[in-house]
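Each remark here refers to the structure printed beneath this line.
The values are calculated or read from the model by the stated rules, or taken from the named source; none is laboratory data. These numbers come from a predicted model, not from an experiment. A quick note on method: Cβ atoms are made from the backbone with ideal geometry, for glycine too, and the neighbour counts reach across all protein chains shown. Only protein heavy atoms, including side chains, enter the accessible area calculation; ligands, DNA and RNA are left aside. Shrake-Rupley method; radii C 1.70, N 1.55, O 1.52, S 1.80 Å.
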Amino acid sequence: MRALLVLTATLLATGCATAPEEGKSSSLSRALQQAEDVGREYGGPVAAIAGGLMMLSDLEMLEPEYIAGGLIAFAIYDPFAPTWRIDVREAGNDRVRMALRMKSLFTGGDGEARQVFLRNARQLVEAGGFAGYEIVHYEEGIESTRPFARRYANAEIQLVRSRIFPAL
């Protein structure tokens, strides 16, 4: 733990160092330049991590049970997972069905189902070379599943080709 704090402090300190004169290039000056580049790019996150670790150390929260609890909470919540899962299926004759499901544990995103749907419909149109789309069916609601309720949206669109340039 202390070694990590010392390493972080060293990285931050070398990020503020200046390189020797231009005529004298050596491995030390290259190393200092690299450390300065790292400090410039990652100085904020490194300082935040170091500060957080120092605070947790002072509060004596770096015990295995606290770390395990945090890892379990992180695994359940999974903040890096996308908020919406989208299943797209072809319904024949240039029709596409979309099923959007929101993840169970989330923060925000309650009113974004229609935005996600429209963005994905636009991507389908652009990827397929169509001129546009018509919404045939759209519904959204909340599924009362156990242990958490989940938002959903179902939609069907008709992809439209250009009448002026049908080959496009």
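Computed quantities for the displayed model
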{"read-out": "Output for the stretch 75-92, where each listed residue is open to solvent by 100 Å² or more (accessible area, probe 1.4 Å), closer than 26 Å to Gly111 by Cβ and without any contact (Cβ under 8 Å) to a residue 12 or more places away in the chain", "value": "Phe80, Arg89"}
{"read-out": "Residue list for the stretch 111-140, restricted to those being out of contact with any strand residue (DSSP E or B) (no Cβ under 6 Å at 6 or more places or on another chain), closer than 30 Å to Ile76 by Cα and outside any helix (DSSP H, G or I)", "value": "Gly111, Glu112"}
{"read-out": "Per-region count, the stretch 131-150, residues modelled with pLDDT under 90 and either of a type in the set (Val, Ile, Thr) or open to solvent by less than 70 Å² (accessible area, probe 1.4 Å) (or both)", "value": "5"}
{"read-out": "Restricting the stretch 60-73 to residues that are open to solvent by less than 100 Å² (accessible area, probe 1.4 Å) and outside any loop (DSSP other than H, G, I, E, B), the residue that is farthest from Ile142 (Cα to Cα)", "value": "Pro64"}
{"read-out": "Counted residues, the stretch 111-123 - those being surrounded by 16 or more Cβ atoms within 10 Å (Cβ to Cβ) and without any contact (Cβ under 8 Å) to a residue 40 or more places away in the chain", "value": "5"}
{"read-out": "Residue in the stretch 93-110 that is assigned to a helix (DSSP H, G or I) and open to solvent by 80 Å² or more (accessible area, probe 1.4 Å) present", "value": "no"}
{"read-out": "Identity of the residue in the stretch 151-168, surrounded by 14 or more Cβ atoms within 10 Å (Cβ to Cβ) and aliphatic (A, V, I, L, M), that ends up farthest from the chain's Cα centre (by Cα)", "value": "Leu159"}
